[in-house]
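Structure, as structure tokens:
The values are calculated or read from the model by the stated rules, or taken from the named source; none is laboratory data. Not measured: the values here are computed from a predicted model. Cβ sites come from the backbone with ideal geometry, for glycine too, and all protein chains shown count toward neighbours. In case anyone asks, the SASA skips ligands and DNA or RNA and just uses the protein heavy atoms, side chains included. Shrake-Rupley method; radii C 1.70, N 1.55, O 1.52, S 1.80 Å.
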Amino acid sequence: MVTVVHPNLEDTNAKMSARDVSVFYGDKKAIDDVSIDIPTKYVTAFIGPSGCGKSTFLRTLNRMNDTIPSARVEGEITLDGEDIYRSKMDVVQLRARVGMVFQKPNPFPKSIYDNVAYGPKIHGLVGSKSEIDEVVEKSLRRAGLWMEVKDRLEDSGTALSGGQQQRLCIARAIAVDPEVILMDEPCSALDPIATAKIEELIDELSGRYAIVIVTHSMQQAARVSQRTAFFHLGKMVEYGRTSDIFTNPLEKRTQDYITGRYG
Amino acid sequence: MSPAILLVLALGLGLAGWLAARARAWTFRRDSANGRIAALPVYHAWYVALWIVVPVLLFVGLWSVIAPQLISQSVLASPAASDLPAFGFQRDAILSEARSVASGSAKAVFNEAANGLVEPYRAAISRYNLIGVLATLIIAFLAGAWAFLRIKPDFTARTRVEKAVMTILLLASLVAILTTLGIVVSLVFETIRFFGMVSPLDFLFGTQWGPDPMSNPNSPDGSRYGAIPLFWGTIYIGAVIAMIVAIPLGLMSAIYLTQYANPTLRKWIKPALEVLAGVPTVVYGYFAALTVAPAIRDAAFAVGITNASSESALAAGLVMGVMIIPFVSSMADDSIAAVPQAMRDGSLAMGATTSETIRKVLVPAALPGIVAGVMLAVSRAIGETMIVVMAAGAAANLTGNPLEAMTTVTFQIVAMLTGEGSFDHPATLSAFALGFVLFMVTLGLNFIALRVVKRFREAYE
């Protein structure tokens, strides 16, 4: 079965493209023949029931699946037209350009300041102390955390609340100035107020980066994204503008899922 | 012999009670309306069995202490005992010979005077054996009957059995604690005696060590009891040289095993490393004394150092370091593996390489655990005896030269206790003072290590 792509999807600049991508864990096929264009300056949401492969697919976009020994990727994924799975591709560079925020906030057990400065330091983006200060402040401001933590930058990142920790992780990701930010259910461990703050933040960041967000919450996908892809059983069933997917799904399975018939 | 019979008797009675109680509980269960009683039949069975076995065991324990005294009293009261010598060694010897013959562990008496006592002994032994068996049976029946009558359909046997099990577990854990306390008390007692003869200031701050076990015990020469060279040797070998070997090697092997090694390799290397921890220390001692120490001396000669000793701190320290590697590496391994995968993913997703992730995220996060492992390793190293006895030498040198012989606290404890001094000579008693200091230091290190580990555990909850 092929993916249904809505015909009215206007031609935007694709930041990342996947062509016929399949992912295997050992012999098990987790992702089956997915092709998608991720537009820049938009938020793309991946929705679908648990175990449908949306997180797996997300992790192929910055090669985090490399850390799982049995995982194997077939097909082609490009970033600005360059195949990210080619042998010359430097994974370190790729991950600097395609950042990631995880399901559970995972700040390092270091100070808030060091958490944000970590990426710029390892990539050699900053030299002097004042440059680092500047990057830290800019990133925390963009992540909407600066006002809350500016007086306690030396406190441990793990001492913050869950929502603040997640915004710290976002600040950490944007500190290396990525082009794409992948978010794997970034609000699933947070309460509604913290969730609202993150959603607001995603909205602000979308003008600057290509953002891909995996979410369980259809309301969240409807609120924050402009593009939505529906995954089911390792296949991408339908892809289109968020408004179209939610108001006028072309596939019966998509309709069943968004109306809450299963999932 | 007699307590063994009583033990078997106790267990047999317990089994009987167990079976009877279980059968009775089954009848409750069959007769009850819904097939339910307050506890499973097996708990009723254990309840009765415990009530039989525990009192009987207490009685057997008590009886095995008092029965021999009752026996010898009754023998001494017999007319045959009237011509025994009144006191002393000979009297005891005659009595014990007669007892051996009576109980069957000896064939015939050596001393004719014991012959007359064999018969009274035999009579007394069989009488008290009979009393013991009867008393056991009576206690078992009384306690068992009492417990058996208590079991009813609504009797909460399970909670009671669980309470009893908990008490047994508590007693088991108290044994270790009480033993530790006993050790401390005996050390303190002897240490105080030692400090009554030699001033603690001389002992703790003196720099000359050379107790003479043949000197007059009543006027010890305090200046010969300065333990600083021993403390220095202990720290230099155990905490400096050994750790210079063990910390980097242990840490690096832990990092390799947790982060780089593929699972098959890890499956082989980790147990191989743990074999090191199972090698008896005396074997390490051979290795240090016969292989490493001469090799070090020869190497020193080769580079022109002619005064190298054939027993050296370096040899003992190096081998001890190798011995300690598994301690450091397994603690480091555990604490690195305990750092959540999310930390590792977070760092890799930032574009950090594996080695950056290890150096900047994993090791700092695991540091408390690693430090605790090192402290446990140090306390193990400074308490280590065999290697230093065999390879470090006996000379109490206060020097920083690792090629010279040194001695340690543990070595001197062995030397003083196995020396020719009498047990109340200050040279012998100094072993207890040294042991006490060593005990306090290792106790302190373990305590700090446990505190550090505890704080580390809380960091991720």
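Of the residues A:194, A:159, A:222, A:210, which single one is small (Gly, Ala, Ser) and touching a residue at least 40 places away in the same chain (Cβ under 8 Å)?
Details: A:194 fails: touching a residue at least 40 places away in the same chain (Cβ under 8 Å); A:159 fails: touching a residue at least 40 places away in the same chain (Cβ under 8 Å); A:222 fails: touching a residue at least 40 places away in the same chain (Cβ under 8 Å).
One residue alone meets the criteria, A:210.
For (1) in contact with a Pro (Cβ under 6 Å, 6 or more places away or on another chain); (2) among the polar types (S, T, N, Q); (3) surrounded by fewer than 16 Cβ atoms within 10 Å (Cβ to Cβ), each residue gets a yes or a no:
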residue	(1), (2), (3)
A:136	no, no, no
A:141	no, no, yes
A:150	no, no, yes
A:159	no, no, yes
A:164	no, yes, no
A:179	no, no, no
A:184	no, no, no
A:191	no, no, yes
A:204	no, no, yes
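Please find, among B:359, B:344, the residue that is among the basic types (Lys, Arg), free of Cβ contacts under 8 Å to residues at least 24 places away in the same chain, in a helix (DSSP H, G or I) and in contact with a helix residue (DSSP H, G or I) (Cβ under 7 Å, 6 or more places away or on another chain).
It is B:344.
Quick one: which of B:421, B:435 is crowded, with 19+ Cβ neighbours inside 10 Å, of a type outside the set (Asp, Glu) and within 14 Å of residue B:212 (Cα to Cα)?
Residue meeting the stated conditions: B:421.
Anything in region A:85-144 that is away from chain B (no Cβ under 11 Å), touching a strand residue (DSSP E or B) at 6+ places or on another chain (Cβ under 8 Å) and at pLDDT 90 or above? List them, or say none.
A:85, A:111, A:112
Considering each of B:81, B:77, B:93 in turn, give the residue that is without any contact (Cβ under 8 Å) to a residue 40 or more places away in the chain, assigned by TED's automatic domain parsing to the domain that holds residue B:123, buried (at least 18 other Cβ atoms within 10 Å of the Cβ) and on the phi < 0 side of the Ramachandran plot.
Working: B:77 fails: buried (at least 18 other Cβ atoms within 10 Å of the Cβ); B:93 fails: buried (at least 18 other Cβ atoms within 10 Å of the Cβ).
Among B:81, B:77, B:93, only B:81 is without any contact (Cβ under 8 Å) to a residue 40 or more places away in the chain, assigned by TED's automatic domain parsing to the domain that holds residue B:123, buried (at least 18 other Cβ atoms within 10 Å of the Cβ) and on the phi < 0 side of the Ramachandran plot.
Taking region A:29-47 only, how many residues are more than 17 Å from the chain's Cα centre (by Cα) and of a type in the set (Lys, Arg)?
Number of matching residues: 1.
Answer yes or no: is there a residue in region B:43-61 that is open to solvent by 30 Å² or more (accessible area, probe 1.4 Å), within 17 Å of residue B:133 (Cβ to Cβ) and in contact with a Ser or Thr (Cβ under 8 Å, 6 or more places away or on another chain).
yes
Would you mind listing the helices (runs of 4 or more DSSP H) fully within region B:1-116 where at least 3 residues are modelled with pLDDT of 85 or more and either closer than 30 Å to residue B:152 by Cα or among the charged types (D, E, K, R) (or both)?
It comes to B:2-31, B:41-77.
Taking region B:303-339 on its own, how many of its residues are open to solvent by less than 40 Å² (accessible area, probe 1.4 Å) and either within 14 Å of chain A (Cβ to nearest Cβ) or free of Cβ contacts under 8 Å to residues at least 40 places away in the same chain (or both)?
Within region B:303-339, residues that are open to solvent by less than 40 Å² (accessible area, probe 1.4 Å) and either within 14 Å of chain A (Cβ to nearest Cβ) or free of Cβ contacts under 8 Å to residues at least 40 places away in the same chain (or both) number 3.
Residues are listed down the side, and each one gets a yes or a no for (1) buried (at least 20 other Cβ atoms within 10 Å of the Cβ); (2) more than 14 Å from chain A (Cβ to nearest Cβ):
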| position | (1), (2) |
| --- | --- |
| B:357 | yes, no |
| B:373 | yes, yes |
| B:398 | no, yes |
| B:409 | yes, yes |
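Looking for whichever is at pLDDT 85 or above, more than 14 Å from chain B (Cβ to nearest Cβ), over 22 Å from residue B:344 (Cβ atoms) and crowded, with 22+ Cβ neighbours inside 10 Å here; the options are A:75, A:81, A:48. Which one fits?
A:48
What pairs can you find where one residue is in region B:371-394 and at positive phi, the other is crowded, with 21+ Cβ neighbours inside 10 Å and of a type in the set (S, T, N, Q), and their Cβ atoms are less than 7 Å apart, with a gap of 6+ or different chains?
Sorted first by the residue in region B:371-394, then by its partner, the pairs are B:393/B:309; B:393/B:407.
Conditions first: (1) within 30 Å of residue B:71 (Cα to Cα); (2) open to solvent by less than 70 Å² (accessible area, probe 1.4 Å); (3) not polar (S, T, N, Q). Residue B:145 passes all but one, so which condition is the exception?
Unmet for residue B:145, out of (1) within 30 Å of residue B:71 (Cα to Cα); (2) open to solvent by less than 70 Å² (accessible area, probe 1.4 Å); (3) not polar (S, T, N, Q): (1).
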